[in-house]
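Structure, as structure tokens:
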Amino acid sequence: MGGVVPYNKVWRTGANEATTFTTESDLNLGGTIIPKGTYSLYTIPSASSWQLIINKKIPQSGLEYYRKYDLARVSLKKRVLPATLERLTITLKPTDMHSGVLTIAWEKTSLSVPFSLKGF
């Protein structure tokens, strides 16, 4: 982080094509409502904090980014991992029937944000 993934610049959060995210229900993601649909995911990393960008333009090459299509920017909680993770992983871990945590992890960095179905 800060090298291959440069700080303070939009990163495609993956390799090649922009990573996409599909939700079949409206979500509350870190306090922001995300309507059901499919979106491109980007992040803005920094040494102290990260933002997750939910972008409405799909499909997109990972080398393209159009801010005018941003639906939302959500703050991610950053923590240092005890061991290096060689592959970028994005997981959705349920905490109950209506909510969970979205986590993005790679190298020694873990980023997370809570989510819930809208209305819960």
Spin-label pair I90/Y69, simplified geometry with 7 Å Cα→Cβ offset, distance in nm: 1.4
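Please compute the contact order of segment 1-74 in relative form: average sequence separation of alpha-carbon pairs under 8 Å and at least six residues apart, divided by the residue count, as a percent.
Values: 149 pairs, mean separation 23.5, N = 74.
This gives 32 percent for segment 1-74.
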Roughly how far apart, in whole Å, are the Cα centres of segment 54-71 and segment 74-92? 22
Relative contact order of segment 34-82 (C-alpha contacts under 8 Å, at least 6 apart) in percent is 36
So for each of 28-39, 48-59, 91-102 I average, over its residues, the number of other beta carbons within 10 Å; can you give me the resulting order with the highest mean first? 48-59, 28-39, 91-102
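Based on a Kirkwood Rh over C-alpha pairs, give the Stokes-Einstein translational diffusion coefficient of segment 35-91 at 37 °C and viscosity 0.692 mPa s in µm²/s.
Rounded to a whole number, D works out at 251 µm²/s.
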For a quick check: with amide H placed at 1.01 Å from N, whose amide H comes under 5 Å from S25's, ignoring anything fewer than 5 positions away on the same chain? G37
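Can you give the extra length, in nm with one decimal, that the chain gains between K108 and R79 once fully stretched, where that is 0.36 nm per residue apart less the Cα-Cα distance?
Working: separation 29, 0.36 × 29 = 10.44 nm, distance 0.84 nm.
Roughly 9.6 nm would be gained on extension.
P(r) tail for segment 24-64, what percent of Cα pairs lie past 12 Å? Let's see the in-between values first.
Working: 547 of 820 pairs.
For segment 24-64, the share of Cα pairs beyond 12 Å comes to 67 percent.
Using the beta-carbon distance between V10 and T38 and R0 = 30 Å, what value does 1/(1 + (r/R0)^6) give for FRET efficiency, to the nearest 0.05?
On the way: r = 19 Å, r/R0 = 0.64.
So, using R0 = 30 Å, E works out to roughly 0.95.
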Based on the alpha-carbon gyration tensor of the chain and its eigenvalue square roots a ≥ b ≥ c, which shape applies: rounded if a/c is under 1.5, prolate if not and a/b is larger than b/c, or oblate? oblate
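Which pairs in the list K68/K93; K9/K108; K57/K78; K9/K78; K68/K108 are over 28 Å apart, alpha-carbon to alpha-carbon?
Values: K68/K93 30 Å; K9/K108 19 Å; K57/K78 26 Å; K9/K78 17 Å; K68/K108 32 Å.
Over 28 Å Cα-Cα: K68/K93; K68/K108.
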Applied in sequence order to segment 82-99, the curve 6.51 cos²θ - 1.76 cosθ + 1.60 (Karplus, θ = phi - 60°) yields integer Hz couplings, x standing for Gly and Pro, of x, 9, 6, 9, 6, 10, 4, 10, 10, 10, 10, 10, x, 10, 6, 5, 10, 8
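Values quoted throughout were computed directly from the atomic coordinates according to the rules given, and no laboratory measurement underlies them. Everything numeric in this text was worked out from a predicted model, so none of it was measured. All Cβ positions, glycine included, derive from the backbone under ideal geometry; neighbour counts span all protein chains shown.
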